[in-house]
1. Hey, among the residues in the range 74-85 that are in a helix (DSSP H, G or I), farther than 18 Å from residue 154 by Cβ and in contact with a helix residue (DSSP H, G or I) (Cβ under 6 Å, 6 or more places away or on another chain), which one's most open to solvent (accessible area, probe 1.4 Å)?
2. Considering each residue of the range 92-106, count those that are open to solvent by less than 40 Å² (accessible area, probe 1.4 Å) and either in a loop (DSSP other than H, G, I, E, B) or closer than 17 Å to residue 143 by Cα (or both), and give that number.
3. Regarding the range 181-203, can at least one residue be identified that is open to solvent by 20 Å² or more (accessible area, probe 1.4 Å), of a type outside the set (D, E, K, R) and modelled with pLDDT of 95 or more?
4. I'd like the full set of residues that are in contact with a helix residue (DSSP H, G or I) (Cβ under 7 Å, 6 or more places away or on another chain) and of a type outside the set (A, V, I, L, M, F, W, C), limited to the range 86-113.
5. Would you call residue 157 more than 20 Å from residue 72 (Cα to Cα), touching a Leu at 6+ places or on another chain (Cβ under 7 Å) and open to solvent by 10 Å² or more (accessible area, probe 1.4 Å)?
6. Pairs needed: first member in the range 79-97, closer than 22 Å to residue 61 by Cα and of a type in the set (Val, Ile, Thr); second member anywhere, assigned to a helix (DSSP H, G or I) and open to solvent by less than 40 Å² (accessible area, probe 1.4 Å); C-beta distance under 8 Å; at least 6 residues apart or different chains.
7. Report yes if residue 175 is on the phi < 0 side of the Ramachandran plot, modelled with pLDDT under 95 and under 20 Å from the mean Cα position of the chain (by Cα), otherwise no.
8. Being among the β-branched types (Val, Ile, Thr) and surrounded by 21 or more Cβ atoms within 10 Å (Cβ to Cβ), is that true of even one residue in the range 107-120?
Amino acid sequence: MKTRRHMLFAALPPLAGAFISQTALAHHGMDGQVPNTLFSGLISGLAHPVIGLDHLAFLLAAAVAMASRPNAFRLPWYFILPGLLAAAWHVAGFDLPVSEILVAASLVILGLMLVWRRADQAMLFLPLLMLAGLLHGYAFGESIVGAESTPLLGYFAGLALVQYGLCAGSILLYRRLVRYWLPGRAEQKAGGQVGWGPAGWAVGAVGGIFLILAVIG
């Protein structure tokens, strides 16, 4: 019973993004307009990683993989910093063809790594984080193209804050759940990959849907 419960909760973060993203979208104050103040840029930056289900699912599933590492709270920056750089490239006019397809593919790849228990291999996981950060960051840059420097600053700050907060909060929650269901030290050590399969299937399914939608236009 415990095994079923912790596998279910490990799969919930990517799937819960559907409800969260739709709620945030309904309350998003920019109405599709380019931010023109520091505050509006900050609000837009805070909102965009949450209103996009594909971005949110990747962050939460990646946090599940990060949680078993001792340096877990430094790992989100491997995704966030390349993302900020790519967003700046987009604002500067850099063009990345089929970006939506590549973003969706990053979710599928992360899902496969979790299902196949390969997300604990730094030689695979860290490059994926950095590459996905570039792809997702480029997508984030779309909504800020044409903005002045002040709202841009607020937007980038909002992106960094909300993405790190989502990852750090998910890491803490995952670790608490693992401690609850696996109280013994030996069991906790063996539980470093608890729920990776369900989380992988969840984020992979989200990625697959977005990939199909992107391919068919």
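1. Across the range 74-85, the extreme among qualifying residues is 78.
2. So in the range 92-106, the residues open to solvent by less than 40 Å² (accessible area, probe 1.4 Å) come out as 99, 103-106.
Subsequent filtering for residues that are either in a loop (DSSP other than H, G, I, E, B) or closer than 17 Å to residue 143 by Cα (or both) retains 99, 103.
Count: 2.
3. yes
4. 90, 99, 100, 106, 111
5. Numbers: more than 20 Å from residue 72 (Cα to Cα): yes; touching a Leu at 6+ places or on another chain (Cβ under 7 Å): yes; open to solvent by 10 Å² or more (accessible area, probe 1.4 Å): yes.
Considered against the rule, which asks whether it is more than 20 Å from residue 72 (Cα to Cα), touching a Leu at 6+ places or on another chain (Cβ under 7 Å) and open to solvent by 10 Å² or more (accessible area, probe 1.4 Å), residue 157 comes out as yes.
6. 80/133; 80/159; 80/160; 80/163
7. Values: on the phi < 0 side of the Ramachandran plot: yes; modelled with pLDDT under 95: yes; under 20 Å from the mean Cα position of the chain (by Cα): yes.
So residue 175 passes the test.
8. There is no residue in the range 107-120 that is among the β-branched types (Val, Ile, Thr) and surrounded by 21 or more Cβ atoms within 10 Å (Cβ to Cβ).
The values are calculated or read from the model by the stated rules, or taken from the named source; none is laboratory data. These numbers come from a predicted model, not from an experiment. Note that we place each Cβ from the backbone using ideal geometry, even for glycine, and neighbour counts take in every protein chain shown. Please note that ligands, DNA and RNA were not included when accessible areas were found on the heavy atoms of the full protein model with its side chains. Shrake-Rupley method; radii C 1.70, N 1.55, O 1.52, S 1.80 Å.
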